[in-house]
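Report on one structure; see the data block that follows.
The values are calculated or read from the model by the stated rules, or taken from the named source; none is laboratory data. Please read these numbers as outputs of a predicted model, since none were measured by experiment. In this analysis, Cβ positions are derived from the backbone assuming ideal geometry, glycine residues included, and neighbour counts consider all displayed protein chains.
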Amino acid sequence: MTNSLYNWVPRIYVGTYEKYNNGSLKGKWVDLTKYDTIEDFYTYCSELHKDEPDPELMFQDFENIPDQFIDESWISEKFWDLMELQLSEDEQTAFFEWLEISGYDLKDNEMDYLCEKFQESHIGNYESGKDYAMSAYYEETPEDQEFRFINYIDWDWVWSGEYRAAGWHITENGNVFSPE
């Protein structure tokens, strides 16, 4: 599953509980993009710790994997579904922010459904709510009908008063999401 689109590399430091309980942190950082399925990943991890008869894997650290997908001894198969989508790092960030805002649970929904809902809700990335409100006004208003006192509009109020009141969100990263 190696993919040149990824600027990020999802990695897990894989050790075992037996080694950990015996005072060893021996393990290895594993790049998940090298495995097409979760089964391939677990097969590799078992080989990595073949010095134990039945290694109980321990994920001691991880990078670029949202908490919803991983725990100390578990990783969701849905993470591979997500990697197949080949989202850019910015799209990944927006997707996880949307999951947080929307309340959708990865465990209860298929990835295709979640992506469809995300794409319906994600408007884009803006510097501020004010920037989005101005952009939306200019996109939706014919040039000959533009308000000539446009510089006097309080765009912060438009964002706060109209959009936020209607359930719109803007994240710290500037991603704007419409309500469902």
Is it the case that some residue within region 1-19 is more than 27 Å from Asn109 (Cα to Cα) and modelled with pLDDT under 85?
yes
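Could you tell me which of the residues Thr33, Thr93 is in contact (Cβ under 8 Å) with a residue 60 or more places away in the chain, β-branched (Val, Ile, Thr) and either within 29 Å of Asn173 (Cβ to Cβ) or surrounded by 15 or more Cβ atoms within 10 Å (Cβ to Cβ) (or both)?
Values: Thr33 fails: in contact (Cβ under 8 Å) with a residue 60 or more places away in the chain.
That would be Thr93, the only listed residue that is in contact (Cβ under 8 Å) with a residue 60 or more places away in the chain, β-branched (Val, Ile, Thr) and either within 29 Å of Asn173 (Cβ to Cβ) or surrounded by 15 or more Cβ atoms within 10 Å (Cβ to Cβ) (or both).
Residue by residue, here is whether (1) surrounded by fewer than 16 Cβ atoms within 10 Å (Cβ to Cβ); (2) more than 30 Å from Val176 (Cβ to Cβ) holds:
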residue	(1), (2)
Tyr17	yes, yes
Leu25	yes, yes
Phe59	no, yes
Pro66	no, no
Ile70	no, no
Phe79	no, no
Trp98	no, no
Taking the condition of being in a strand (DSSP E or B) and aliphatic (A, V, I, L, M), how many residues in region 49-82 meet it?
4
Scan region 38-48 and give yes if some residue there is outside any loop (DSSP other than H, G, I, E, B) and modelled with pLDDT under 90, otherwise no.
no
Considering region 110-136 alone, what residues qualify as being out of contact with any Phe, Trp or Tyr (no Cβ under 8 Å at 6 or more places or on another chain), surrounded by 15 or more Cβ atoms within 10 Å (Cβ to Cβ) and under 11 Å from Ala94 (Cα atoms)?
Asn125
Please determine whether any residue of region 10-32 is β-branched (Val, Ile, Thr) and part of a loop (DSSP other than H, G, I, E, B).
no
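In region 88-137, what residues are of a type in the set (D, E, K, R), under 17 Å from Ile65 (Cα atoms) and part of a helix (DSSP H, G or I)? It would help to see each step written out before you state the result.
From region 88-137, those of a type in the set (D, E, K, R) are 89-91, 97, 100, 105, 107-108, 110, 112, 116-117, 120, 127, 130-131; that's our starting set.
Checking which are under 17 Å from Ile65 (Cα atoms) leaves us with 89-91, 97, 100, 105, 107.
Within region 88-137, Glu89, Asp90, Glu91, Glu97, Glu100 meet the criteria.
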Considering residues of region 46-86 that are in contact with a helix residue (DSSP H, G or I) (Cβ under 9 Å, 6 or more places away or on another chain) and touching a residue at least 60 places away in the same chain (Cβ under 8 Å) only, the residue farthest from Lys117 (Cα to Cα)
Ile75
Can you list residue pairs whose Cβ atoms sit under 9 Å apart, with the first residue in region 122-141 being at positive phi and the second being among the hydroxyl-bearing types (Ser, Thr, Tyr)? Count only pairs 6 or more apart in sequence or on different chains.
Gly124/Tyr132; Gly124/Ser135
